[in-house]
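Trainee: One structure is given below, represented as structure tokens, and several questions about it will come after.
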Amino acid sequence: MNKDIKILAIESSCDETSAAVVVNGRKVLSNIIASQIDIHTKFGGVVPEVASRKHIEVISTVVQEALEKANVTFDDIDAVGVTYGPGLVGALLVGLQYAKGLSYALNKPLIGVNHIEGHISANFIEYKELEPPFVCLVVSGGHTFIVHMKDYGEFEVLGQTRDDAAGEAFDKVARSIGLGYPGGPKIDKISKQGNAEAIKFPRANFHKECLDFSFSGVKSAVLNYLNSKKMKEEEIVREDVAASFQKAVVDVLVENAIKACKLKKVDKIAIAGGVASNSCLRETMIKECEKEGIKVLFPPLVLCTDNAAMIGSAAYFEYKQGKTAPLTLNAVPNLKLGQR
Ligand code: KG4
Ligand code: ZN
């Protein structure tokens, strides 16, 4: 029988310091997440320098807690996995340096993980039988991609945003209607009381075969709508603005995701990233994909937003392919999917 592989994973690419212990890429023994949201809320967004400092303050405790919760010691760990990009360079460096220190001191292999591959891998934790190929829609605060995952570690980007990421648009629109940071969950919540058909915001469409996105247009349309209402001293129904904006974003995400499945002739689509927890996206995706015979996969909410368990899963598949990293591994803030 093959020995179980236990990976200690570390994630610090943005405003969550997280450490997890994951067995064979699929079973989570612990997943500790120290969120900095309360600190950044005051500034209306993530302040990179503050994020790095906070990561430094908590990382040792977070790693220790992950080991304790998993009931393992450093000796039980087979490898150390860590996010090395994309993300905020100062934030990435904290997790990376810590992981390199551990790898060196424990004499265990280091595995560098692409944060986006981590988000996609969250689906392997939830769906134990899931194997590539499948299409994945990655929608987070910094990224919007449609990817064909052909095999473990093999990605073909089919479409991506040409300007704002989906989550970024959620956050900016939320701010414009007076909701705090992070805006996505708040828009999701108040949209439930709004009418999604109340305002017709534009959907960016490129030519028929193109699977790219653009969200700056819809964001500007919301701002113009708010300005014109204010100038005319007319009432703004925030719930309707939120619901109509959310629908405009969700419609294009779902449309392109289905196009991608048809193009690649695959019958399953996985959703990943913070915006994957959006309830309208989940409902619409399930409804529309059902019509096409496509199965929709979603990680649970805690694995949608940034966490180290997803990094531990991605690290395992790298480890199995012998893809360990040297101790000279550096942070790559704009690391591309599939790039090494
Ligand atoms: O994946 P993530 O935690 O961090 C990045 O790697 O960017 O995603 C955070 C993003 C934020 O923009 C947040 O507003 C958005 O995900 N988000 C949501 C929801 N929950 C989080 N957007 C829409 N609806 C939600 N329920
Ligand atoms: Zn993320």
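Trainee: Out of Val139, Val157, Val135, report the one residue that is of a type in the set (Val, Ile, Thr) and within 16 Å of ligand 2 (Cβ to nearest atom). Before you say what the answer is, go through the steps one by one.
Mentor: Values: Val157 fails: within 16 Å of ligand 2 (Cβ to nearest atom); Val135 fails: within 16 Å of ligand 2 (Cβ to nearest atom).
That would be Val139, the only listed residue that is of a type in the set (Val, Ile, Thr) and within 16 Å of ligand 2 (Cβ to nearest atom).
Trainee: Out of Lys259, Lys287, Lys247, I need the residue that is within 14 Å of ligand 1 (Cβ to nearest atom) and modelled with pLDDT of 95 or more. Which one?
Mentor: The conditions single out Lys247.
Trainee: Just one of Gly44, Gly85, Gly118 is within 13 Å of ligand 1 (Cβ to nearest atom) and in contact with a Lys or Arg (Cβ under 7 Å, 6 or more places away or on another chain); which is it?
Mentor: Values: Gly85 fails: in contact with a Lys or Arg (Cβ under 7 Å, 6 or more places away or on another chain); Gly118 fails: in contact with a Lys or Arg (Cβ under 7 Å, 6 or more places away or on another chain).
Of the residues listed, the single one that is within 13 Å of ligand 1 (Cβ to nearest atom) and in contact with a Lys or Arg (Cβ under 7 Å, 6 or more places away or on another chain) is Gly44.
Trainee: Output the strands (runs of 3 or more DSSP E) that fall wholly within the stretch 1-111 and possess 1 or more residues being surrounded by 18 or more Cβ atoms within 10 Å (Cβ to Cβ) and of a type in the set (Ser, Thr, Tyr), or say none.
Mentor: Once the strands (runs of 3 or more DSSP E) in the stretch 1-111 are filtered for at least 1 residues that are surrounded by 18 or more Cβ atoms within 10 Å (Cβ to Cβ) and of a type in the set (Ser, Thr, Tyr), what remains is 16-23, 27-35, 79-85.
Trainee: Now a separate question. Given the stretch 214-325, what helices (runs of 4 or more DSSP H) lie entirely inside it while holding 2 or more residues that are free of Cβ contacts under 8 Å to residues at least 60 places away in the same chain and surrounded by fewer than 18 Cβ atoms within 10 Å (Cβ to Cβ)?
Mentor: Output list reads 216-231, 238-264, 279-292.
Trainee: Which of the residues spanning the stretch 112-141 are part of a strand (DSSP E or B) and farther than 18 Å from Val332 by Cβ?
Mentor: Once the filter is applied, which keeps residues that are part of a strand (DSSP E or B) and farther than 18 Å from Val332 by Cβ, the stretch 112-141 yields Phe134, Val135, Cys136, Leu137, Val139.
Trainee: Given (1) in contact with a helix residue (DSSP H, G or I) (Cβ under 6 Å, 6 or more places away or on another chain); (2) modelled with pLDDT of 95 or more; (3) not basic (Lys, Arg), identify the lone condition not met by Glu197.
Mentor: (1)
The values are calculated or read from the model by the stated rules, or taken from the named source; none is laboratory data. Being a predicted model, the structure only gives us computed values, none of them experimental. Quick reminder, even Gly has a Cβ in these numbers, built from the backbone with ideal geometry, and neighbours come from all protein chains shown.
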